[in-house]
1. Applying the selection to region B:273-283, what residues are part of a loop (DSSP other than H, G, I, E, B), open to solvent by 20 Å² or more (accessible area, probe 1.4 Å) and either at pLDDT 95 or above or closer than 18 Å to B:Gly198 by Cβ (or both)?
2. Applying the selection to region B:131-148, what residues are open to solvent by 30 Å² or more (accessible area, probe 1.4 Å) and farther than 12 Å from B:Gly168 by Cα?
3. Filter the helices (runs of 4 or more DSSP H) completely within region A:27-117 down to those with at least 2 residues that are under 21 Å from B:Gly454 (Cα atoms).
4. Is it true that B:Gly397 is more than 13 Å from every other protein chain (Cβ to nearest Cβ) and either at negative phi or part of a helix (DSSP H, G or I) (or both)?
5. Return the residues of region A:228-265 that are among the small types (Gly, Ala, Ser) and either open to solvent by less than 30 Å² (accessible area, probe 1.4 Å) or at pLDDT below 95 (or both); say none if nothing qualifies.
6. Give me a count of the residues in region B:368-392 that are farther than 17 Å from A:Pro110 by Cβ and touching a helix residue (DSSP H, G or I) at 6+ places or on another chain (Cβ under 6 Å).
7. Among the residues of region A:368-379, are any under 17 Å from B:Gly481 (Cβ atoms), touching a residue at least 40 places away in the same chain (Cβ under 8 Å) and in contact with a strand residue (DSSP E or B) (Cβ under 7 Å, 6 or more places away or on another chain)?
8. Looking at the structure I just gave you, is B:Leu72 farther than 20 Å from B:Ala33 by Cβ and within 9 Å of chain A (Cβ to nearest Cβ)?
There are 2 protein chains.
Amino acid sequence: MNGAQRLVEALVASGVDTCFTNPGTSEMHVVAALDRVDGMRCVLGLFEGVVTGAADGYFRIADRPAATLLHLGPGLANGLANLHNAKKARSGIVNLVGDHASHHLALNAPLSSDVAAIARPMSDWVRTAASSQSLAADAVCAVEAARTAPGRIATLILPADTAWGPAGPAAVANAPAPRATVSAAAVDASAVALREPGPTALLLGGAGVRADALDLAGRIAAKTGCALISEYNSARIERGAGRVVAPRVPYVIDSAVAMLRGFRRIVLIGAVPPVGFFAYPGKPSELAPPGCEFTELAAVGDDIAGALRALADALGARALAPAHVAAFALPRLPDGAITLDGLAAVLAALIPDDAIVVDEAITSGRGFALPTQGSRPHDWLTSMGGSIGYGLPVAVGAALAAPARRVIALEGDGSAMYTLQALWTMARESLQVTVIVFANRAYRILRGEFDAVGAGAPGRRATDMLTLDRPALDWCALARGHGVESGRAADLGEFARQLRRGLAGDGPYLIELLL
Amino acid sequence: MNGAQRLVEALVASGVDTCFTNPGTSEMHVVAALDRVDGMRCVLGLFEGVVTGAADGYFRIADRPAATLLHLGPGLANGLANLHNAKKARSGIVNLVGDHASHHLALNAPLSSDVAAIARPMSDWVRTAASSQSLAADAVCAVEAARTAPGRIATLILPADTAWGPAGPAAVANAPAPRATVSAAAVDASAVALREPGPTALLLGGAGVRADALDLAGRIAAKTGCALISEYNSARIERGAGRVVAPRVPYVIDSAVAMLRGFRRIVLIGAVPPVGFFAYPGKPSELAPPGCEFTELAAVGDDIAGALRALADALGARALAPAHVAAFALPRLPDGAITLDGLAAVLAALIPDDAIVVDEAITSGRGFALPTQGSRPHDWLTSMGGSIGYGLPVAVGAALAAPARRVIALEGDGSAMYTLQALWTMARESLQVTVIVFANRAYRILRGEFDAVGAGAPGRRATDMLTLDRPALDWCALARGHGVESGRAADLGEFARQLRRGLAGDGPYLIELLL
């Protein structure tokens, strides 16, 4: 038995049973080991951003890490942007990155690079395996690192000779440690803040926007009258009919400042004081009003539901009915010309029960939160790191983590282009993902940003850098090219028909919305 | 005037007049400056690997750097793999990477990352601009770094406030320094080596495989009887009828060892002692025979043609007719079923005069060198860094650097998928690129590598990781989706017709070869 087999064995024994791969020569022994060790599901991506993004989506839904298999420094580099997003989403991932055999590395062959240096900026844990004998132990450390609450990026670099050399002892990861209980002092301080006069908000992030935590927050709101808000982005917010609503802090600085202006106190629950996505000349980067007092109940890695339970108990709120519960309310299906409100209504009416919505619609999707509040219960995933190209890969991983659930990916045409190869993996794995491409044929957000940074009106050259209309992308052809069925909608009635068709199918379906 | 305008002004004044872009909010002032400063051609890529690869291709043909404009750490990360290739090709590139405004960076906004740390592994020079006042001076340093012979990757990080703050003084780069003349001792030592008995080879790399240098090498060969060989990969080898032939060191270890076995002495000219692309259990990494004596005439950054001239003079070879000149010889156009030899013959017959061939055909293209030796004169570009996804972007940059020349991109279907978004830029810019996709529906090279590393026969799971046939990619649909015309060829006659059509057109054309 060689090191690679022992490695795969250790991963499977430690509960890592899904591996997203884009391997090369230096990983061939690991690929061979996948045949020899049972229990690892392997999913090929045709670009590494698909691989790492899928691992992010997998963790968000499965709440446990998948592995990736990447080829040397450049292969890892292609996966970095979605590792950035995963790290900011605090997803746990075990990256396996091949490298040249130790004796080969000194020779500066074409693919030589400093893999550890490439890994570090987007990893929480990096190790280069020293010997084939230690691979199981190394894998176990990587899994334990990845499972450190709430989740971490662990990158294990495998010189080829550690994979092909003789195996050392087997190993298995310890069970994940329970999340840390928050201190009584933190609970007391939060209770005090909530009893003070003046408008107070709970700002929820991380596990604080799962249904159980939101329910407790709703009870606290019922008792104290506090507002509930969530961070601009959430790795996974559980929402829809019957769930407690915590509106997002808006993206646009002025809107965010307006939302937060009234609060004297904000209790942080798996969240941090809100800051702008970008800086703009003459606008604040910190969004809460000056003098606003922050009290942290729970950090993002703590036992957030437990903390909310303790706080609810301290406030005598536990037995109350939660406030801010969304009533079940589906809009009538609209017809006629496409408007963003109309699209939101179609989506709101048709989101299936327990669906997973991956939102990378950028400008087109900004108004979708309110209309979908009373839709059938669903999870809504947004990009935590802001690097575009996260959506299609995350949809792949989410669908693999929950094969019984329907996934809807909302994609701007600009953002979908970064990792469109994910469509092929959806087809290969027959994933029940319906992709909706909002084809406005522009980096529409950047038109707004151009104005927001005070750059004036874009001229010809700048406009060329912000538009995708020459030539127009044909998303139905792109889908077909990747083996995915598709349809086009130029009005709301057709969109509803297409969406129903996508949601009824056995595999992926792409809808190109002509905006 | 703001810093961004001064920056663009300095680039244009310093001879950098092409910028490949994929900007975001933090680069909006630079985009605005592109409108306000004349003389910069801006080319949009829909993925950053297209942007950096295009800059690589541009340098290889123009012999001067282009700029790139990238969005923060993740945008740079998406461009790293092709920066790796460009760095190994010793292409000069000026990367401009936006970052958050200095005051925003401390707040850990979603897109915050350590941009300099991401840049370093694939850059020769990295600087974070300290102030809007210094941007022109910073740009000048970046240009001078990028132009350091033979070419370097220079990355200038621009916090947004340095772009929008007030401009400092204007600046312009010094003219590039001439390449270093090699020492008389190096010329003498090389002449001595060539006069010794026993088989000797000149191993040529960098500018040593341009036509003028090859011509001198051919004269030296005529005088001394030495062999001429070139490195496995070359950023740009000038070849075809009338040019001196220097066969490549083969990729496969056994073949490379067999080629080099006979040499007692190798004179290095812009080249290094040959090493294997990968390491394999039980095979050598260093490919020359034990005891082979290496003598360096010129390093890759030296004045290589000058060194060869001096060496030819020292040997009394200058006035001789060069040996190893390829005769003009076009194969008859074959017909019938597709074979790799048949494809090579079609290509060899139809390569237009002064064409640029970008070769990322991986396994399918390995046998193309000999058949195309007597084709019309052309440049042949290969990947120096080995990271796949280099071909289509390099073709974009090459076509922009030489609008009058025809570009042929040979692509494996696996490798083309990494940066297929380059097709859209070809369409937008009406580039005369004919893309030939060798659709074998597999990572065919990895089947060979699986065997070569001794991993045995691939089982079901491993085979799934090495094949692209479920579903089959439809390259004509992918081309159409990006706005590129296309055709399919299932026999050699149709391939010839399609290739003629592509080479006669005004814009890009893609041919899917069904292997």
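1. Answer for region B:273-283, where residues must be part of a loop (DSSP other than H, G, I, E, B), open to solvent by 20 Å² or more (accessible area, probe 1.4 Å) and either at pLDDT 95 or above or closer than 18 Å to B:Gly198 by Cβ (or both): just B:Pro273.
2. Matches in region B:131-148: B:Cys141, B:Glu144, B:Arg147, B:Thr148.
3. Where helices (runs of 4 or more DSSP H) fall fully within region A:27-117 and carry at least 2 residues being under 21 Å from B:Gly454 (Cα atoms), they are A:28-36, A:102-105.
4. yes
5. Selection gives A:Ser230, A:Ser234, A:Ala235, A:Gly240, A:Ala241, A:Ala246, A:Ala256, A:Gly262.
6. 5
7. Within region A:368-379, not a single residue is under 17 Å from B:Gly481 (Cβ atoms), touching a residue at least 40 places away in the same chain (Cβ under 8 Å) and in contact with a strand residue (DSSP E or B) (Cβ under 7 Å, 6 or more places away or on another chain).
8. no
The values are calculated or read from the model by the stated rules, or taken from the named source; none is laboratory data. Bear in mind that the values here come from a model prediction, so they are computed numbers and not experimental data. Note: ideal-geometry Cβ built from the backbone for every residue, glycine included; neighbour counts use all protein chains shown. Accessible surface is based on the protein model in full, side chains and every heavy atom, while ligands, DNA and RNA are left aside. Shrake-Rupley method; radii C 1.70, N 1.55, O 1.52, S 1.80 Å.
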